[in-house]
Structures are given as C-alpha cells and as structure tokens.
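See below for the structure under consideration.
The values are calculated or read from the model by the stated rules, or taken from the named source; none is laboratory data. The structure presented is a predicted model; accordingly, all values stated were derived computationally and were not measured. Backbone-built Cβ (ideal geometry, glycine too); neighbour counts: all protein chains shown. Please note that ligands, DNA and RNA were not included when accessible areas were found on the heavy atoms of the full protein model with its side chains. Shrake-Rupley method; radii C 1.70, N 1.55, O 1.52, S 1.80 Å.
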Amino acid sequence: MSKSPSSRRCSVVTVAPCRPWVYALRLPHDPRAAHVARVTVRAVLRSHGREEVLDAVELLVSELVTNAYLHTEGPASLRLTGLADGRLRVGVWDSDPRIPAPFGDPPGERPVSSVPGDAEHGRGLLLVREYASAWGGWPLGDGLLGRGNGKLLWFEVGAHGPRRG
C-alpha cells in the first residue's frame, strides 16, 4: 500500500526539521533586551523540540545581546534559523562594525586563549568557542553619509555537536 502525499507530513517534534524555519526579533537599546532575547529563544526552541541545545543557545544569545547593548548606542536584532540538517544558526546584528575575537579570526587561525579569573570582561565570547560548532562575523559595509551599518555575529549549534579544540 502506498502512502498518500498527506500522510508523509512531518511530525510535530523532530530531530531535524522537515524544512527550515526563521524567527527574527528587533531589540531596542535597553538593559532588558538580553532577558527578552532569552525568553524568545526558550519559547522558539521548545516549540520546535530543540531542548537539547536550549541552554547553550540561551547562554550565547544572552552574551551577544548584552555585548550589543554595552558596546553600541542603537538597537540590535536577533535571528534564529532552524536548518533542515538539524543545525540551528543564530545571528545577532548591532550597529558597531568592529568584529570581536573569536568571530573575526579565520577558522584555521582561531587561537585558544584564556581570560584571567578576576577579569570583568572577555569571558562571554570565549563561551562561543566552547559551545558553538561554527561561528563568524561580517561587517555590513557603509551606510548613508559614510556611517557603517554595523555587523552580524553568528554561531551554529546542533547536528554535529560542539566543536572542541
């Protein structure tokens, strides 16, 4: 007996989604933006059955959105993309065009560095190295009147697990 096209639909909770999905959130320059981003990440990932990456994604999103608030004076944007192969790609845009390490380092040249235990800054981006399987960043060019359009920092988690080493 052959299955009809309607019986080949995807189940509600899957390891790898049947088709990509995207959620985008615009965040104001507000100290509560990281909290709003975390709540959004929790809701989206739970609704897509992606609890296995929830803690890591929530932590990394919180770090990137907090950095956008601390180092810029404008809004930020968060984009979550579930890819068909089980990966989750997360992007955070802000108005500062500078790409911080480790996002600006070429993949083969990403040094492992440590942050002193008493340092007040610098630990967050090192977490990306620990929990993301891939990451990068792009400056977004020149805007009107020679002003930059900021940058996009992104990371991926999922199908291949955390990248070590």
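Structure notes:
- The set of residues in segment 51-75 that are crowded, with 16+ Cβ neighbours inside 10 Å, among the small types (Gly, Ala, Ser) and touching a strand residue (DSSP E or B) at 6+ places or on another chain (Cβ under 9 Å) comprises Ala56, Ala68.
- Taking each residue of segment 26-51 that is assigned to a loop (DSSP other than H, G, I, E, B) and looking for partners that are open to solvent by 60 Å² or more (accessible area, probe 1.4 Å) and aliphatic (A, V, I, L, M) with beta-carbon atoms closer than 6 Å, six or more apart or interchain, yields Gly49/Val13.
- Asp118, sole failed condition from (1) assigned to a loop (DSSP other than H, G, I, E, B); (2) at pLDDT below 80; (3) touching a helix residue (DSSP H, G or I) at 6+ places or on another chain (Cβ under 7 Å): (3)
- One residue stands out among those in segment 133-148 that are in a loop (DSSP other than H, G, I, E, B) and open to solvent by less than 70 Å² (accessible area, probe 1.4 Å): the one that is modelled with the lowest pLDDT, which is Gly143.
- Restricting Pro28, Pro17 to those that are modelled with pLDDT of 95 or more and more than 22 Å from Gly136 (Cβ to Cβ) reduces the list to Pro28.
- Answer from Arg79, Arg98, Arg87 - the residue that is buried (at least 18 other Cβ atoms within 10 Å of the Cβ) and of a type in the set (D, E, K, R): Arg87
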